[in-house]
Amino acid sequence: MSIQVISPGLLSTFQDEGRHRFQSLGVPVGGAMNPSSLRLANLLVGNPPSAAVLEITLTAPNLLFEEDACIALSGAPVHAFANDTPIPVNRPFLIHAGQTLHIRQNASVPMARLYLATHGGFRLPAMMDSCSTDLKNRLGGYQGRALQKYDHIPISKPLAPRHRQTLQDFFSQLEIYLPANLGLQKKNSIRVIKGHHWNHFTRQTHERFLDTPFRITPQSERMGYRLQGATLLLCQPLQILSEPTTFGTIQVPPDGNPIILMADRQTTGGYPKIANVISADLPVLAQLLPNEHLSFSLVTLEQAQALMLDREEKFMVLQNRLAMIAQRLSECYL
Amino acid sequence: MSPTPVPQKSWQFTPEGDACIIIRFRQEDLDLQVSQLCLQAAQSIANANLPGISDIVPAFNCVGIHYRAACWGKTPFHNLCQALDSLLAQPSSPSGTAPDRTIEIPVCYDPEYGMDLESLASTLKCDIEQLIALHTSQTVRVFMLGFAPGMPYMGLLDTKMNVPRLTTPRPVIAAGSVAIANRQTVIYPRASPGGWHIIGRTPITLFNPERTPHTLLSPGDTVRFKAISKKTFTELKSKRHEHPGY
């Protein structure tokens, strides 16, 4: 019962909601760069929302399924196929034993990340309560690293072949309505709230930060997005002691080029913080590609949290509506 | 106006994005007492088991509280600040804090490992032996862990050991490297880039995800360094030395 890696793709790693509770030990949280797509992919295959999924970056792997499996793809709106059969994105799909999953980027809506979930999850050992791959510390996921050719990824639950037809019928009749504000659409405008050191930057820097676009440089990765655009200047040099950071903290090192801290960020940092990306826009940010541009707009903390709570509510409604998938699958799996 | 801090006694709350609060005790220099306040606050918040708190991260002069906004009503920041404020206003019970412990860490101060010993000695106008004596004769406290899993920031070192960081960080520093800067000392748990002055290397492991506790040191621990020979270093290293008690 496993998936064979025919080709690994550029960077394919297992990720869940991250390694929490250990930041006080200096252990990064990690987890899916796009938390919304992680959750959606899991709900579509009847998993708990936090189960580990495969995070696929830019170039997708080719994966040979040795058993029937119920899978879902969420995130980048790619062209995916099981051998020659098209696989719709954001829907559960039954892939047959012996079929290979092929994926092509959708050139008209390119996005950086795609998530593959399988019903019952991948069989991975949890390391410090999480299956997320920490590449830097070689921790968790599949042997603490990205997928390589010839890897065999075990999956947790076998599907009895006699259920193939019933499930296929069930999936084809399934109506799935996805609310608009789950953060799945492509967008280049990113909302932020003012950071702790906002007032230490010059007035002109404030204007430039909000009025001019920034390019995501190719040095951007899971730890942080390094941006290039207006040089951000402090009113005067600022010495600060290292302090906690979070997903979306925008730090400004002495060269004036901002860095947005992403999933694999360090737990603390000593650079001035000009702003924080709001949680509701992190999924959008995670989908932007190297060399694409983004621009920032300000909202208040209250607005950011209202957006976050609204997102949570939409997900709860969706989770209830998709509960029948879990129900139906539990009848078909051993 | 930048994010509105809630004005309070000796601490204030500032938002770090929409899912983290930083409790700030003072915005000045490194101070052992302020660090102690941070650790006490972190401990009493941990003991209170508030809902939706995923991480409590003590730092030099502040504590980060990472939270799930969905657990804190319609105005999560405000509500959590109120809960934290009343917690901090209570006197902390000594039973709730971790017992003091002193941990001895063997360090080989051979110039092969301590590649900056010579230049430091000349900068600080002393000889290498004096430098080693300064580093081993005092105890230091662990302020916080950060940068890498299990990496301790410790201090304060003698004022004679006050040097700024390197202007250009090194791209790779060996695991176990012991380094100093700004009256602090650190140990790099794994090979990583770094901008501190390297004075030696320890053979012991600081982080092991498969053991409990996962790290040798915890914030608040007292540390004393012990000079060891190159031979002892190699012996301890070949045994994949774990610290006794870890």
- Whichever aspartates and glutamates have a C-alpha closer than 12 Å to that of B:LYS230, once near sequence neighbours (fewer than 8 apart) are set aside: B:ASP110, B:GLU112
- Using modelled backbone amide H atoms (1.01 Å from N, in-plane), which distant-in-sequence or interchain residues come within less than 5 Å of A:ARG19's amide H? A:GLY30, A:GLY31
- What is the extension gain from A:ASP255 to A:GLN303, computed as 0.36 nm multiplied by their sequence separation minus the C-alpha to C-alpha distance, in nm to one decimal? 14.1 nm
- Rank the residues B:PHE225, B:PHE25 as a footprinting-exposure proxy: fewest other Cβ atoms within 10 Å of their Cβ go first. B:PHE25, B:PHE225
- Neighbour-count ranking [beta-carbon atoms within 10 angstrom, fewest first] of B:CYS20, A:CYS332: A:CYS332, B:CYS20
- Message: Starting from 0.36 nm per residue, how many nanometres of slack lie between A:GLN236 and A:HIS96 once their C-alpha separation is accounted for?
- Response: 44.1 nm
- Query: Amide H neighbours of B:MET144 under 5 Å, counting only residues 5+ apart in sequence or on other chains, H built in-plane at 1.01 Å?
  - Reply: B:TYR153
- For A:TYR142, residues with placed amide H under 5 Å, excluding near neighbours: A:PHE14
- Least to most buried among A:ASP134, A:ASP68 (fewest other Cβ within 10 Å first): A:ASP68, A:ASP134
- Sticking with the crude label model, points 7 Å out along Cα→Cβ, report the distance from A:THR212 to A:GLN327 in nm, one decimal please. 5.7 nm
- For A:LEU233, the net charge from surrounding residues (Cβ-Cβ under 14 Å; K, R +1; D, E -1) works out to 0
- Between region A:1-38 and region B:172-246, how many Å separate their Cα centres? 28 Å
- Under the rule rounded for a/c under 1.5, else prolate if a/b exceeds b/c, else oblate, using alpha carbon gyration tensor axes a ≥ b ≥ c, chain B is classed as prolate
- If you take the alpha carbon radius of gyration of region A:189-299 and divide it by 2.2 N^0.38 Å, what ratio comes out, to two decimals? 0.95
- Item | Reachable lysines from B:LYS160, criterion Cα separation under 18 angstrom, eight or more residues apart if same chain | B:LYS125
- Average other protein chain Cβ within 10 Å of Cβ, residues B:53-63: 6
- Task: Enumerate the calculated ³J(HN,Hα) couplings along region A:45-55 in order (Karplus 6.51 cos²θ - 1.76 cosθ + 1.60, θ = phi - 60°), each rounded to whole Hz, writing x wherever the residue is Gly or Pro.
- Result: 10, x, 8, x, x, 9, 4, 6, 10, 8, 8
- Message: Could you tell me the extents of region B:67-188's C-alpha atoms along the three principal axes, largest first, rounded to whole Å?
- Response: 60, 34, 23
- Message: Less than 14 Å Cβ to Cβ from B:ILE56, Lys/Arg counted +1 and Asp/Glu -1: what total charge do the surrounding residues give?
- Response: -1
- Note on the structure: Output for region A:174-230: chymotrypsin sites (Phe, Trp or Tyr not before Pro) sitting in coil per DSSP, at most 12 other Cβ within 10 Å, listed by number, reads A:TYR177
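FYI, it's all coordinate maths here, none of it is from the lab. Given the structure is predicted, the values throughout are model-derived calculations rather than measurements. For neighbour counting, all protein chains shown are included, and Cβ atoms are generated from backbone atoms with ideal geometry for every residue, glycine included.
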